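Q: Okay, handing you the structure first.
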Amino acid sequence: MTDTKPIRILGVGNVLCTDDGLGPYVIKVLESRYEFPGGVEVVDLGTPGLDLTPFLADARMVIVIDTIRGQQAPGSLRLLRDGEIVAAPPPSRMSPHEPGLREALMATEFSDSSPDEILFVGVIPESTDQGTRLTAALTGAVPAVIDAVIAELERLDAAPTQREPPAELDIWWE
């Protein structure tokens with residue numbers, strides 16, 4: 001990896017609302033299974049709203065992991081890139097953090113600090129009711145989310161190395 005701008009992998013979601021905790025959950029799995037090269041930042045952001053802007057600014061690549069509304073079955077994976085995120089009509093608000101990504105990207109446009117690329121890795125939730133464990137549908141989607149993240153890092157010549165053995169998985173909120 002020769003670019004000096006960071007690559008950021010951001011897990012977004014509320015760990016107290018069942019499947020909405022997907023982003024933080026995937027971050028914990030990635031941290032337990034992989035070591036990332038310098039310049040790759042792996043961050044659990046919780047529910048940042050517009051506080052997301054600094055994490056998008058001046059990055060080579062940003063990968064955001066979260067749940068997303070959709071008509072597909074729970075656990076279905078949706079990948080959105082760059083302009084697809086901002087070009088879509090504003091969604092009805094599903095959670096307090098949902099409006100943050102679109103607005104934060106627009107804020108980076110105004111300050112001329114937009115990430116070079118962005119990939120939104122979204123999964124259709126089964127439930128966002130109060131609870132601290134992912135549903136079976138979302139737990140089953142975690143491997144596909146991880147595969148999408150690793151494939152993107154490989155494309156960017158920033159592939160992580162697998163930990164052998166993996167570190168203990170610390171899902172502190174379950």
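Q: Let me spell out the model: positive unit charges on the Cβ of Lys and Arg, negative unit charges on the Cβ of Asp and Glu, origin at the Cα centre of the chain. What dipole size does that give, in debye rounded to 20?
A: Details: 13 positive and 28 negative charges, 63 e Å.
Approximately 300 debye in magnitude.
Q: Keeping all protein chains in place and using 1.4 angstrom, which order do E117, E35, E168 fall into by accessible surface area, from largest down? Could you put the intermediate results ahead of the total?
A: Details: E117 50, E35 100, E168 170 Å².
From most accessible down to least: E168, E35, E117.
Q: At R0 = 35 Å, how high is the FRET efficiency between A136 and D112 if r is their beta carbon distance? Nearest 0.05 is fine.
A: Working: r = 44 Å, r/R0 = 1.26.
So, using R0 = 35 Å, E works out to roughly 0.20.
Q: Please list K28, K5 from largest to smallest accessible area, probe radius 1.4 Å, with all protein chains kept in place.
A: From most exposed to least exposed: K5, K28.
Q: What fraction of the Cα pairs in the stretch 34-80, stated in percent, has a spacing above 12 angstrom? Before the final figure, lay out each step's value.
A: On the way: 780 of 1081 pairs.
Beyond 12 Å sits 72 percent of the P(r) for the stretch 34-80.
Q: Find which of A73, V29, Q130 sits farthest along the positive direction of the dipole of the chain, computed with +1 on the beta-carbon of Lys and Arg, -1 on that of Asp and Glu, about the Cα centre.
A: Of the options given, the answer is A73.
Q: Which of rounded, prolate or oblate describes the stretch 108-174 when judged by the alpha-carbon gyration tensor and an a/c cut-off of 1.5?
A: On the way: a/c = 2.08, a/b = 1.28, b/c = 1.63.
It comes out oblate by the Cα gyration axes.
Q: Still on this structure, I have one more. Which value, in Å² and to the nearest 10, is the accessible area of Y34 when all protein chains are kept and the probe is 1.4 Å?
A: Ignoring ligands and nucleic acids, Y34 comes out at about 30 Å².
Q: If you don't mind, there's one more thing I want to ask. Please report the orientation-averaged projected area of the stretch 1-76, defined via the convex hull of its C-alpha atoms, in nm². Present the calculation step by step, with values, prior to reporting the outcome.
A: Working: hull surface 23.9 nm².
Computed as one quarter of the Cα hull surface, the answer is 6.0 nm².
Q: Would you mind calculating the gained length between Q162 and D58 on full extension (0.36 nm times residue separation, minus the Cα-Cα distance), in nm to one decimal? Please list the in-between numbers first.
A: Numbers: separation 104, 0.36 × 104 = 37.44 nm, distance 2.76 nm.
Computed gain between Q162 and D58 is 34.7 nm.
Q: Another question, then. Could you check how much of the accessible area of the chain is carbon and sulfur, as a whole percent, using a 1.4 Å probe? Write out the running numbers ahead of the final one.
A: Details: 4300 of 8560 Å².
So the carbon and sulfur contribution to the accessible surface is 50 percent.
Q: Which residue, T161, T139, T18, tops the fluctuation ranking in a GNM of the chain built on C-alpha contacts under 10 Å?
A: Largest GNM mean-square fluctuation: T161.
Q: Moving on to the next point. Express the accessible area of the stretch 13-72 per residue in Å², computed with a 1.4 Å probe while the remaining protein chains stay in the model.
A: Working: 2240 Å² over 60 residues.
Each residue of the stretch 13-72 exposes 37 Å² on average to a 1.4 Å probe.
Q: While we're looking at this one, here's another question. Once phi is turned into ³J(HN,Hα) by the Karplus curve 6.51 cos²θ - 1.76 cosθ + 1.60 with θ = phi - 60°, what whole-Hz value does each residue of the stretch 67-79 show in order, with x for glycine and proline?
A: 7, 8, 5, x, 8, 5, 5, x, x, 5, 8, 10, 10
Q: Further question on the same structure: If R₀ is 22 angstrom, what is the calculated FRET efficiency for the pair L16 and I150, using the beta carbon separation as r and rounding to 0.05? Intermediate results must be reported in sequence, preceding the final value.
A: Values: r = 28 Å, r/R0 = 1.27.
Working from the Cβ atoms, E equals 0.20.
Q: Further question: Please compute the Cα-Cα pair-distance distribution of the chain with 5 Å bins starting at 0, giving whole percents from short to long.
A: The percentages, shortest bin first, are 2, 9, 18, 22, 21, 16, 8, 3, 0.
Q: Rounded, prolate or oblate: which fits the stretch 135-174, taking a ≥ b ≥ c as square roots of the Cα gyration tensor eigenvalues, rounded meaning a/c under 1.5, else prolate when a/b beats b/c? Can you show the working numbers first?
A: Working: a/c = 2.83, a/b = 1.37, b/c = 2.06.
Verdict is oblate for the stretch 135-174.
The values are calculated or read from the model by the stated rules, or taken from the named source; none is laboratory data. Remember, it's a predicted structure, so these values are computed and weren't measured experimentally. Glycine gets a Cβ as well: all are built from the backbone with ideal geometry, and neighbour counts include every protein chain shown. To get the accessible areas, we keep the full protein, side chains included, count just its heavy atoms, and leave off ligands, DNA and RNA. Shrake-Rupley method; radii C 1.70, N 1.55, O 1.52, S 1.80 Å.
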